[in-house]
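Read-outs throughout are calculated quantities, based only on the coordinates presented, and are distinct from any laboratory measurement. For clarity, every value in this text was computed on a predicted model and none was experimentally measured. Because the Cβ atoms are built from the backbone with ideal geometry, glycine has one as well, and the counts that use them run over all protein chains shown.
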Amino acid sequence: MSRADTERITSDIDRDWHSRPLEDVYAELETSEEGLTAAQASERLEREGPNEIEAKAGTSPLRILVEQYSSALIWVLIAAAIVMAAVGHTIDAAVIAGIVVLITLFGFVQDYRAEQSIRALQAMATTYALVRRDGEKREVDATKLVPGDVIFVESGDIVPADARLVEESNLSVDEAALTGESVGVSKEVGRVDEETSLAERENTIYKDTVVQRGSGVAVVVETGPASEIGQIATALEEAEERDTPFQSEMDRLGKIIAGVVIVAVAVIAIAELVVGETEPLQVFLTAVGIAVSAVPEGLPAVVTLSLALGARRMAEQNALVRRLPIVEALGSVDVICTDKTGTLTEEEMTVQRAAANREVYELTGTGYDTDGEFRYDGEPVDGQRIAEVLRCGMLCNNVDLGTRERDAAGDGTGAVAATGAEEGERTYLGDPTEIALFVAAQKAGFDHEDLAAEYPRLGEVEFTSARKRMTTVHETPDGGPVAYTKGAPETVLERCDRELVDGELVELTDERRDEIEARNEDFAEDALRVMGFAFRPDVPDDQTERPDETVERRMVFLGLQGMLDPPRPEVTDALAGCLDAGIDVVMITGDNAVTARAVGEEIGLRSTTVISGPELEEMSDDRLAEVVEDVDIFARTSPEHKTRILQTLQAKEHTVAMTGDGVNDAPAVKNADVGVAMGIRGTDVTEQASDIVLLDDNFATIRDAVRGGRRIFDNVRKFVNYLLSGNGGEVTMVFTGSMLGFGLVITPIQILFINVVTDGIPALSMGVDPPAKDIMDRDPRPPEEGVITDRIVTSVVGIAAFMTICLLPLFTLNFYGELVPGYDVLGAIVGWSPGYEPSRELAQTMVFTGFVVFEIVRIQAIRYRYGLGIFTNRWLVIAVVVAVTLQLLVLYTSTGQLLFDVEPLAVVHWIQIAVAAGVFALLMAGFVKVQDRYFDRY
């Protein structure tokens, strides 16, 4: 950010452009209605900087690669490779180096692909702006706008900068990306109070909002970082990237392993050099063996691949993961703070109820789908029974039919002309409220083109926020003009003196006015946005082509239409699933409390207590902390409110997922434990701040992502348990053998083969284990509970001991010819096959193969606790077969024997291993029973 940008933010952040007289605005900006000259604009551009937000740059490929080496485990592996190379074990060193390259390659590819996907999702901001320079209209690069420029906007434009309105014609702006409001905001020239909230500043338009209807002329007051969206983007830079608990835990594990290696090597060195008479080279090789056995070489690769595969599955379910470790954090989410519009609801206003002919009709169907029917007293009826009120809604309407188009880049990644259609498909362009009226008429069989031809428009009295109504004048088939009016029911009703009932004009009595007003209140209490409709059949001749408000006299009341942005059909089940999983769902919306409560009741929120933004502002932090866990709806909220709610929940030790789409949501999304951005409606700023992007903007996808996160966490915990307990057995075995004077009971290259191949392949396949049946019936994992629990720690210790107890006899029996030197206990029972004399190579081969067999036994013992049978994961079955096959190739091929310094085993040796494995399984089963008494299941 330039110094000029910073100075403007600090000096202008409190400027009250909306409350000043226009002449003061012009004077402060040293401009006029004629705008700036090209020379003035150039000078200001040099001083102020470009009209662009210096969003955080995407991570470069080099940085992504470097970040792969941030794990302590990676550096332990690198150190082990260097040690191996130093003592001449080049094959061992090469294997470890290859493992490091493999790990970093997988991590780099996944992170790079996620980064590229996000860049493809980013919608292009406006490229050009229509501005008055040197007294003439000209199109300029929007980044070159400066304060003092006079700009022109019209329907479909993205507002290029914050600007104060000078002129407007029926102007309505969609400010959802900035304020969270789901309904367009009507704009008008004038002044508002200094204390007026951002969402209610009718005389100001803001950068990156969208013009829904009408046109306007405005003077630019803020650009780039000083704009409202720019200030939010600046706040994001102050939010630090936080490691997930899993990242911290893996880093801590690497440091612990490094410490274990140092202590174990020191103990062995002292024991063998001071107490014994072992050669220094042998001591060094033993130390290397301890180091290699302590490091779970396959763990980083398996973790990375498991997270990557999980992220791939989630992407197929419309959840794009931007940072792999965040997948694990999903498993501990216990609160989801979600937007309403577009996430819980369709973001498509739908007429649900109509009052006409003194009767109330229900309309079925949702969104912009014209399939639906009219019902009266629950029975289907012909929509033509209320044809006049529907005809009025379609004619007194500025919706256009268009087609979805590609963006300027031509690749379909940018903004489109409208929503709700595939490319090339006809769709609706205009205000969502008017689209709802348009669709309702289509459900009754009205065709827009036919109706427009039959009733051509002659003139219009535009809608303004002060009038709260709109009137159009049309020629009728019999030649007489007719005026149609729609607007706020009270403003329409006050213009009427008659009512149309079953095709007849009747007097509108005071009693009927009271009934209509009561009906309006009933609709509003059900959170419906209500509009009234009227017509005037006897339009004066002087009010046809250039009508004014006088045409809105002696009108005939037609009825009401009530509309709502309906909940998505799948949301109710998704929300119930979250509640069953112990996850509370909190709706945070910019809409009013009545609408928010109605939606909350319909979808089944736990509580429908509502706190509004103004109430929140009056609450102390202590009071909010007392009630925040009991409130599931926050209405009329600002960006600051959203962040405050998040921080309060986090202070109470909740793990929070926060959704957002507009730039106003970005700070809260950035600071959440899991930030979730909307891929369809989401802005660049919010997507860059997020951890996950929903490609379908659907709450049900969040539920699926949480389930996916829990599944991945379970699988990570399984193979971490599996790998660490195996490595614990290797360390204990090498350490014990060294202390007993046996030297190396297994070679470093053999340990590497076990850790990476015969352990790593099955561990990787456990990463795609199916979910446990109770996965969404459990409460969320406590935030402080990591992957490695007390149960896993005891498992590592216990299994390590059992492996040593069962494998050490195999070593001594095949090294000395007896279980303990000097005592030939089993010789008479098992004997030796011809040509298989006891030797160190044979003994090491037995331990090597014994570890492989023991680990296969260990796999199913771990999975059994999750209710998974042997054949529930076909990839695991294949992996075990592959691991056994590779072990056999090592034992019975000349290349394998040469590389790994092994001897082929006879039947008698396999019998010994089978007996040892049986004893190991019995010891392990008993140990699990003991663990079940003192620890949780998982």
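Numbers for the structure displayed
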quantity: Distance (nanometres) between label positions extended 7 Å along Cα→Cβ at residue 839 and residue 462; calculated: 9.8
quantity: Kirkwood hydrodynamic radius of region 660-789, from inverse mean 1/r over distinct Cα pairs, in Å; calculated: 18.2
quantity: Residues 875, 17 arranged by fewest to most Cβ contacts within 10 Å; calculated: 875, 17
quantity: Contact order normalised by residue count of region 536-645, Cα under 8 Å, 6+ apart, percent; calculated: 25
quantity: Residues 742, 719 arranged by fewest to most Cβ contacts within 10 Å; calculated: 742, 719
quantity: Two-site label geometry, residue 47 and residue 65: point separation in nm, points 7 Å out along Cα→Cβ; calculated: 4.6
quantity: Distance-filtered residues of region 643-678 - backbone nitrogen under 15 Å, label point 7 angstrom along residue 936 Cα→Cβ; calculated: 654-655
quantity: Bins of 10 Å, starting at 0 and running to the largest distance - Cα pair percent for region 140-215; calculated: 20, 55, 24, 1
quantity: Cα-Cα separations in region 489-552 greater than 19 Å, expressed as whole percent; calculated: 43
quantity: Region 536-639: trypsin sites (Lys or Arg not before Pro) in DSSP loop, at most 15 other beta carbons within 10 Å; calculated: 553, 554, 606
quantity: FRET E, pair residue 501, residue 400, Förster distance 30 Å, beta-carbon r, rounded to 0.05; calculated: 0.35
quantity: Listed peptides 384-393, 457-466, 773-782 by packing density, highest first (mean Cβ within 10 Å); calculated: 384-393, 457-466, 773-782
quantity: Potential extension, residue 138-residue 592 segment - 0.36 nm per residue separation minus Cα distance; calculated: 159.4 nm
quantity: Over region 844-918, equivalent-ellipsoid semi-axes from the Cα gyration tensor in Å; calculated: 26, 15, 9
quantity: Theoretical FRET efficiency, 1/(1+(r/R0)^6), r = Cβ-Cβ of residue 448 and residue 544, R0 30 Å, to 0.05; calculated: 0.85
quantity: Simple spin-label estimate for residue 877 and residue 22 in nanometres, 7 Å along Cα-Cβ; calculated: 7.8
quantity: Whichever lysines have a C-alpha closer than 20 Å to that of residue 144, once near sequence neighbours (fewer than 8 apart) are set aside; calculated: 207
quantity: Fewest-first ranking of 332, 894, 612, using other Cβ atoms within 10 Å as the exposure measure; calculated: 894, 612, 332
quantity: Region 716-802 - convex hull of alpha carbons, volume per residue in Å³; calculated: 109
quantity: Sequence-separation-based contact order of region 851-938, relative, with Cα cut under 8 Å and 6+ spacing, percent; calculated: 32
quantity: Percent RCO, i.e. relative contact order, over region 609-701, from Cα pairs under 8 Å lying at least 6 residues apart; calculated: 20
quantity: Cα convex hull of region 523-583, projected area averaged across orientations, nm²; calculated: 7.3
